[in-house]
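Take a look at the structure below.
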Amino acid sequence: MNRNFRLRFFASQSDNRKSKIENRKWLGVFAIALTFAFVGAVVEAQQPKKVPRIGYLVSSDPATESTRSEAIRLALRELGYIEGQNIAIEYRYAEGKLDRLPALAADLVRLKVDIIVAAGGDTMVRAAKNATKTIPIVMVGTGGDPVEAGLIDSLARPGGNVTGITTLSRELGGKRLELLKEAVTKVARVAVLYDPATSAAVLEVKEDLPVAARALRLTIQSWEIRAANDFDSVFAALNKQRPDGLYVPAGALMRDNRKRIAGLAIKSRLPSMYNNREAVNAGGLMSYGADRADSFRRVAYYVDRILKGAKPADLPVEQPTKFELVINLKTAKQIGVTIPQSVLYRADKVIK
């Protein structure tokens, strides 16, 4: 009995020693694993997270573009994206030289930006689209139909790498002529300036405005503007025809020279109609179109969705829901025009 007891006792002691060895072994393994996990966490914490980069492609210069780009920055901030902290924006300005756009778009592609915002019209979008088939492109400020222009497959399902917001500028041409005639009842002949390189403007001038003009019993005469140095000579020529009004469609060339156009229109004492309030702020008489500030704020929505994994092909293109009529009474006084109260009451903004 004693011998059996001693055998069981020594066996028990041996088992305990083995158990302790096993425990120490697993404790060591656990400690090593914990150390690696801790070191990995420290290294990961020390490594800066990738900051998304947005490419901003536009035809104008920083001063002209500041209002619109600021609207985008503020909207991004509201969604938690702060420039210089957790998001970076690479700005590329063509400064009125549209032939620079392809090279600027290619530069953004070389930088491997996460998204390109093409702001201002079909020309910018096409330059970006020609530069990349993979980087998402968010368009804003396009005045024509992006489907008709071949930029997307459809509004509901754009396909490809382009989505964003369209301003429907072209479709509002008839309404603008109507408002111009209501504001200046003597208007019978309207000179129309347009850039033949802007497809939406060409379609508006050739197809939409003639139909609207006939219904309003207006005569329109179109004048091509191919470069910034054409404005003086074209105004000198059209003044010989003595039109009663001036209509300026959308387009990068027109937008980048809006102050010059407004000044020439005032000098010629021509009531002028535009598609955006910036032209009226620069001295134009009237504008009617989408609320562009609202459109540019919506860019942040698309940037946020894409950075969170959404594909441009699946994000429907939005059309504007807010439109505004803006009138410059200071300009009206300069050219000797009295705007009827019935029109002023309908204005969203009156500049005095």
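The values are calculated or read from the model by the stated rules, or taken from the named source; none is laboratory data. Quick caveat: nothing in here was measured; it's all calculated off a predicted structure. Note: ideal-geometry Cβ built from the backbone for every residue, glycine included; neighbour counts use all protein chains shown. Note: areas computed on protein heavy atoms with side chains; ligands, DNA, RNA excluded. Shrake-Rupley method; radii C 1.70, N 1.55, O 1.52, S 1.80 Å.
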So between Asp294 and Thr134, what do we pick up on full extension, going 0.36 nm a residue minus the alpha carbon distance? 54.9 nm
Per residue of the chain, what 222 nm ellipticity follows from adding -39500 (n - 2.57) for every DSSP H run with n ≥ 4, rounded to the nearest 500? -14000 deg cm²/dmol
In a Gaussian network model of the chain with springs linking alpha carbons closer than 10 Å, the residue among Gly251, Gly263, Gly84 that fluctuates most is Gly84
In this structure, the FRET efficiency calculated for Lys175 and Arg110 from their beta-carbon separation, with R0 = 41 Å, to the nearest 0.05, is 0.45
Within the set Lys97/Lys308; Lys181/Lys267; Lys50/Lys308; Lys175/Lys206; Lys97/Lys349, which residue pairs have Cα atoms separated by over 25 Å? Lys97/Lys308; Lys97/Lys349
Give me the percent of the accessible area of the chain that comes from carbon and sulfur atoms, probe 1.4 Å, all protein chains in place. 54 percent
Choose one answer from Gly120, Gly309, Gly174: the residue with the largest mean-square fluctuation in a GNM of the chain with alpha-carbon springs under 10 Å. Gly309
Considering Cα pairs under 8 angstrom that are at least six residues apart, work out the relative contact order of the chain and quote it in whole percent. 17 percent
Just to be sure I understand, if you calculate Rg and Dmax of the Cα atoms in Å for this structure, which of (1) 18.8, 53; (2) 31.5, 133; (3) 21.9, 75 do you get? (2)
Which of Lys181, Lys50, Lys259 moves the most in a Gaussian network model of the chain with Cα springs under 10 Å? Lys50
Give me the one-decimal nm value for the distance between modelled label points at Lys333 and Ala227, 7 Å along each residue's Cα-to-Cβ direction. 4.0 nm
Highest average packing first - 63-69, 161-167, Cβ atoms within 10 Å: 161-167, 63-69
Per Stokes-Einstein, at 4 °C and 1.567 mPa s, what whole-number D in µm² s⁻¹ belongs to the range 178-242, with the Kirkwood radius over Cα pairs as the hydrodynamic radius? 102 µm²/s
Per the rule of 0.36 nm per residue minus the C-alpha distance, extending Ser154 to Lys267 adds in nm 36.3 nm
What aspartates and glutamates does Lys333 reach when the alpha-carbon gap must be under 18 Å and sequence neighbours fewer than 8 apart in one chain are set aside? Glu182, Asp244
Taking the Cα centre as origin and putting +1 on Lys and Arg beta-carbons and -1 on Asp and Glu beta-carbons, what dipole magnitude results for the chain, to the nearest 20 debye? 1360 debye
Could you tell me the ratio Rg/Rh of the range 48-193? Both radii from Cα atoms, Rh via Kirkwood. 1.05
